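A quick write-up on the structure given underneath.
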Amino acid sequence: MTIFLAIVIGAAFGFVLDRIGTTNPNWIFKMLNLTNLHLAKTILMAIGVGSVLMFVGQMAGFVNVGHMSVKTAYVGVAVGGLIMGFGWAFSGYCPGTSVAAAASGRKDALFFIAGGLLGAAAYMVSYASIKGTFLMDKIAGGKVTLGTIPGAKYEGLTAIQGDLLGIALGVVFIIVAFVLPNKLVGGDETSDAVPAE
């Protein structure tokens, strides 16, 4: 049942990714060069709504804090994030959107997926040689959250109640999604259109 639910939820998520345009690299490029911010606004809105729902759910007792998983922050995670960001800007795909794009029939996404798998294999092969380097140094103690969440097993960087901080940040993201203009630089007349592909 768990695998079935994962497939159904994954397919639904992939469908949404395709409908908002993230499976089309051209719309990613337009977002990154600031000529069409439709995707940026959608991403900000999704993060904001998700954050508000999750933290309100925690405060109301609907979401169990014990299910929260905070990954350890390493210097290497920041370096890897920069590498992935460069790959995303260069190709127009990230791991999730590439799989959805491949499912929608885009053959170029298959090359991105193959490159990602090769990159993962290279990391596995080189891990023994880098695990003792500065790349594995923890950032801010490793597993931490911005605010302190009652009942969680993670330290907070601030004494602010994490649930309230999460709701406040979510609201900020939602407001930014609403007030952000459709574009910040030039672009053609059709750059404000919602992606159709």
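The values are calculated or read from the model by the stated rules, or taken from the named source; none is laboratory data. Since the model is a prediction, treat every value here as computed from it, not as a measurement. Here the Cβ is made from the backbone with ideal geometry for all residues, glycine too, and neighbour counts use every protein chain on show. Please note that ligands, DNA and RNA were not included when accessible areas were found on the heavy atoms of the full protein model with its side chains. Shrake-Rupley method; radii C 1.70, N 1.55, O 1.52, S 1.80 Å.
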Given a Förster radius of 22 Å and the C-beta distance between Tyr123 and Ala73 as r, what FRET efficiency does 1/(1 + (r/R0)^6) yield to the nearest 0.05?
-> 0.80
If the chain between Ile43 and Leu184 were fully stretched, how many nm would it gain, using 0.36 nm times the residue separation less the Cα-Cα distance?
-> 49.1 nm
Once Lys138 and Arg19 are pulled to full extension, the length gained, defined as 0.36 nm per residue separation minus their Cα-Cα distance, is 39.0 nm
Relative contact order for the chain, counting Cα pairs under 8 Å that sit 6 or more residues apart, in percent | 36 percent
Would you kindly calculate the mean projected area, averaged across all directions, of the convex hull enclosing the Cα atoms of the stretch 1-123, in square nanometres?
-> 9.5 nm²
The longest stretch of the chain containing none of the trypsin sites (Lys or Arg not before Pro) that sit in a DSSP loop with at most 13 other Cβ atoms within 10 Å is 1-70
The value for the stretch 1-73 (convex hull of the alpha-carbon atoms, volume per residue, Å³) is 147 Å³
Which cross-chain or sequence-distant (5 or more) residues have an amide H under 5 Å from the amide H of Val144, H modelled 1.01 Å from N in plane?
-> Ala73
So what's the stretch 63-197 giving for Cα Rg divided by 2.2 N^0.38 Å, two decimals?
-> 1.38
Chymotrypsin sites (Phe, Trp or Tyr not before Pro), restricted to the stretch 12-121: which are DSSP loop and have at most 15 other Cβ atoms within 10 Å?
-> Phe62
Lysines within cross-link reach of Lys138: Cα-Cα under 16 Å, excluding same-chain residues under 8 positions apart?
-> Lys71
Kyte-Doolittle mean at least 0.5 and Cα axial length at least 27 Å: DSSP H helices in the chain = 38-60, 108-130
Dmax and Rg, reported as Rg then Dmax, of the stretch 66-114 (C-alpha, Å) = 13.8, 41
Could you check how much of the accessible area of the chain is carbon and sulfur, as a whole percent, using a 1.4 Å probe?
-> 74 percent
